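The values are calculated or read from the model by the stated rules, or taken from the named source; none is laboratory data. If you're wondering where the values come from, they're calculated on a predicted model, not measured in any experiment. Cβ sites come from the backbone with ideal geometry, for glycine too, and all protein chains shown count toward neighbours.
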Amino acid sequence: MVWRPRVCGEELYHHIYAWGNDRHPVFKKPSHYQKYVDLLARHARQYQTDVLAYALMDWHVHLFIYDAGNNISEFMQRLHGDYAQYFNRTTHRVGHVFGERFNNKIVQADVYGMWLTRYIHRQALDAGLVSDPKDYPWTSYSVYLGLKRVDFIKPQAILEQFGSGNAAIEQYAKFVLDGDDGPIDWSSKKIKMIKTSVIIDVICRSSKIDHRVLMEPQGWAEKRKRREAIRIMVKKYGLTPAVISKTLHVSITAVRKILTEK
């Protein structure tokens, strides 16, 4: 098989996910999970890599990484290589532990990153292992809640989007536990932002407005509701003025004007 070259570079955020070989477990007991976390911490420091979030499940892992020095490939090779040696030694087996090579997607720390941490921190909850994600020990969620301090986990870029101090933590916890899965199609193998039309549907339901109000507002009150919806499209879902302009059939100048209004 011919692999595509990885997209890499300095100062990039990566969503990394990897599965066990043939979907076999990569963790079989608590000491395996702990060893992976220890190696993650060690190599994060060695390769100038910040870990924004992680989740370790029995047969797969999710990492949200900030790579300052363009070291992502070597970082992952060392991390999974060292862990594979440990796992094989302690389970008396040979062969690959992780299937093929790891998957990575370049992301932004703002809107996508915010929803990505929610997805990562809900892994055990959505798998039915716990009723509250804070009860699962092998994610970074407890660090976000301030229940545990781990130096190599860097939640600031995400938490600051929810405010500051305890208020930010409370809002983030509410965000994680909320039923809204956001604008990402997590079921897709490539994990990408879903169609704008779905985002519009979500906004209409949550704001209790009709689609017509967004497309053809009548009167001052409806125009105000559309302005509020446009701000949500940008702030919460990361839609660009150009996409909003095309979707709502309004000039890009008008969209930009709305976004600069106080």
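Results, tabulated for the structure shown:
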read-out	value
Candidates 143, 111 - the one that is in the same structural domain as residue 76 (by TED's automatic domain parsing) and modelled with pLDDT under 95	111
Pairs with Cβ under 7 Å, 6+ apart, first in the stretch 196-223 and in contact (Cβ under 8 Å) with a residue 40 or more places away in the chain, second surrounded by 13 or more Cβ atoms within 10 Å (Cβ to Cβ) and among the aliphatic types (A, V, I, L, M)	196/239; 196/243; 199/233; 199/239; 200/214
Test: residue in the stretch 235-246 that is on the phi > 0 side of the Ramachandran plot and in a loop (DSSP other than H, G, I, E, B)	yes
Evaluation of residue 131 against (1) in contact with a helix residue (DSSP H, G or I) (Cβ under 6 Å, 6 or more places away or on another chain); (2) assigned to a loop (DSSP other than H, G, I, E, B); (3) within 24 Å of residue 169 (Cα to Cα) (one fails), failing number	(1)
Hits in the stretch 42-73 (condition: more than 19 Å from residue 158 (Cβ to Cβ), in a helix (DSSP H, G or I) and modelled with pLDDT of 90 or more)	42, 43, 45, 46
Residue among 121, 92 that alone is in the same structural domain as residue 46 (by TED's automatic domain parsing) and at positive phi	92
Total residues in the stretch 85-133, condition more than 16 Å from residue 28 (Cβ to Cβ), crowded, with 19+ Cβ neighbours inside 10 Å and out of contact with any strand residue (DSSP E or B) (no Cβ under 8 Å at 6 or more places or on another chain)	5
Which numbered condition residue 170 misses (of (1) at pLDDT 90 or above; (2) in a loop (DSSP other than H, G, I, E, B); (3) out of contact with any Leu (no Cβ under 8 Å at 6 or more places or on another chain))	(2)
